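Nothing in this text is a laboratory measurement; each read-out follows from the coordinates by a stated rule. Quick caveat, the model's predicted, so the values are computed rather than measured. All Cβ positions, glycine included, derive from the backbone under ideal geometry; neighbour counts span all protein chains shown.
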Ligand code: UD1
């Protein structure tokens with residue numbers, strides 16, 4: 001087990017390169033199940049979730065190898081259609097194999113993901129959508145058992161805009177017989193990245209980038225090479241970190257268009273932002289103005305950046321409101337931040353944040369983005385902090401301590417027996 005030891009008070013400056021998007025990679029990788037052959041995914045982040053997905057696909061017969069940021073996947077010899085609990089419990093995105101498996105092989109056995117650290121996360125929309133496409137679905141012994149004699153196109157309206165459900169249904173509909181219309185589909189950049197990959201593989205999809213996707217099923221798809229999009233959440237984390245330390249940082253290899261909501265809020269809080277090509281520079285030399293956020297589906301403020309923004313607002317002179325409308329109970333970072341001296345009160349799904357004086361402490365957290373928020377708070381807390389359970393961070397941030405140290409942070413990864 002590793003922990004981070006952070007000495008607060010260093011100003012961040014310099015440049016940092018953002019890795020490929022975790023969530024897009026986890027959406028793209030299972031598509032190798034839709035066609036036999038050799039795929040290459042460039043700009044793949046070297047993170048634990050990618051290893052988990054590689055292991056899961058490996059158990060199905062896909063040969064996966066990460067060389068630098070190029071992920072090689074050979075799906076010529078698929079031997080199993082099952083996603084076991086051991087892998088799914090480590091990573092909910094394992095459910096992304098369901099759509100491709102049922103579409104190509106007519107059967108799938110995928111463990112139900114269960115709850116997660118920030119509340120219930122059902123998969124009812126995934127299952128309802130697949131049933132509409134003609135899959136027979138039963139739940140037995142904690143597993144989703146799906147089978148079909150052939151999927152057929154259907155009209156599917158999502159009651160809630162869901163990234164995962166849109167991805168799963170889209171990746172099944174591409175091989176269905178006939179036309180599928182998805183309405184209130186998620187339009188997150190990761191969904192668009194998936195749709196673009198599928199088109200490259202030979203799928204016919206209209207409305208990419210909108211919430212209405214029309215898919216005309218094709219008989220077969222083929223293996224391709226693809227460039228992954230940059231990680232907008234990692235980028236937002238570094239932009240906020242720079243602003244919190246009153247630093248000046250150039251964040252490279254990003255798609256600024258994907259970060260419009262975050263950039264707009266950073267400006268509202270008083271940061272100077274300059275966007276040039278695929279780089280964003282951020283500079284801040286004073287305390288932020290109190291700035292409320294409410295998370296929303298894309299292009300709104302992402303729930304995955306809520307915790308980091310909350311940490312930022314602890315430095316404001318005044319109070320701000322942080323509301324999460326996507327995951328109402330995603331506030332596990334709050335009690336840990338309180339250990340650092342944060343003044344926060346909860347009212348349902350809103351955190352009322354007061355400007356606070358932070359001092360170092362030992363903290364831990366139960367999920368990926370909450371851990372990132374604790375790092376940011378520790379960077380500005382007076383004295384030394386320890387962040388336990390770094391494995392959450394390793395799931396989704398590539399070498400975060402090296403990137404932060406490169407910008408001047410005092411942060412060290414240390415082996416520990418503590419849990
Ligand atoms: C994805 C992201 C996650 C991000 C989330 C919201 C991946 C691997 N993860 O998760 O980082 O926080 O989008 O942007 O891409 N819902 C249902 N029934 C369903 C599915 C979802 O009620 O069948 C609800 C969820 O509980 C949640 C909302 O829909 O309240 C949105 O969730 P969804 O977009 O599906 O999130 P994920 O795809 O799981």
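If the chain between residue 222 and residue 384 were fully stretched, how many nm would it gain, using 0.36 nm times the residue separation less the Cα-Cα distance? Could you put the intermediate results ahead of the total?
On the way: separation 162, 0.36 × 162 = 58.32 nm, distance 5.28 nm.
Extending this stretch completely gives an extra 53.0 nm.
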Residue 357 versus residue 285: modelled label distance in nm, points set 7 Å from Cα along the beta carbon direction
2.6
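Per DSSP H run of n ≥ 4, the term is -39500 (n - 2.57); total these for the chain, divide by its residue number, and report the mean residue ellipticity at 222 nm rounded to 500 deg cm²/dmol. Provide the component values of the computation, followed by the final result.
Numbers: 14 runs with 126 residues, N = 419.
That calculation yields -8500 deg cm²/dmol at 222 nm.
Would you please classify the overall shape of segment 22-227 from the alpha carbon gyration tensor, given that a ≥ b ≥ c denote the square roots of the eigenvalues, rounded means a/c under 1.5, and beyond that prolate means a/b larger than b/c while oblate covers the rest? Walk me through the numbers on the way to the answer.
Details: a/c = 1.30, a/b = 1.11, b/c = 1.16.
Here segment 22-227 falls in the rounded category.
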Under 8 Å for C-alpha pairs, at least 6 residues apart: give me the relative contact order for the chain, rounded to a whole percent.
21
Using the alpha-carbon atoms, what tilt in degrees (0 to 90, nearest 10) does helix 48-59 show relative to the longest principal axis of the chain?
20
What does DSSP give for the chain in terms of the percent of beta bridges that are antiparallel, rounded to the nearest 5?
75
Nitroxide proxy distance, nm - points 7 Å out along Cα→Cβ at residue 160 and residue 2:
3.3
Quick one: Cα centre-to-centre distance for segment 25-93 and segment 337-353, in angstrom?
39
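For residue 80 and residue 212 in one chain, what is 0.36 nm times their gap in residues minus the Cα-Cα distance, to one decimal in nm? Before the final figure, lay out each step's value.
On the way: separation 132, 0.36 × 132 = 47.52 nm, distance 3.29 nm.
Full extension of this stretch gives 44.2 nm more.
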Output the 0 to 90 degree angle, nearest 10, between the alpha-carbon long axis of helix 189-200 and the longest principal axis computed from the alpha carbons of the chain.
30
Residue 107 versus residue 414, label points 7 Å from Cα toward the beta carbon: distance in nm?
5.3
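For residue 267 and residue 321, FRET efficiency with R0 = 22 Å and r from the beta-carbon atoms, rounded to 0.05?
On the way: r = 18 Å, r/R0 = 0.84.
Using R0 = 22 Å, I get an efficiency of 0.75.
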Measuring from a point 7 Å past the Cα of residue 55 along Cα-to-C-beta, which residues in segment 352-391 have an amide N at less than 16 Å?
391
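Based on the Cβ-Cβ distance from residue 46 to residue 347, what FRET efficiency comes out when R0 is 30 Å, to the nearest 0.05?
Values: r = 40 Å, r/R0 = 1.33.
Taking R0 as 30 Å, the efficiency between residue 46 and residue 347 is 0.15.
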For segment 22-227, what is the percent of antiparallel DSSP beta bridges, rounded to the nearest 5?
75
May I ask you to compute the full-extension gain from residue 402 to residue 177, defined as 0.36 nm times their residue separation minus their alpha-carbon distance, rounded to one decimal in nm?
76.1 nm
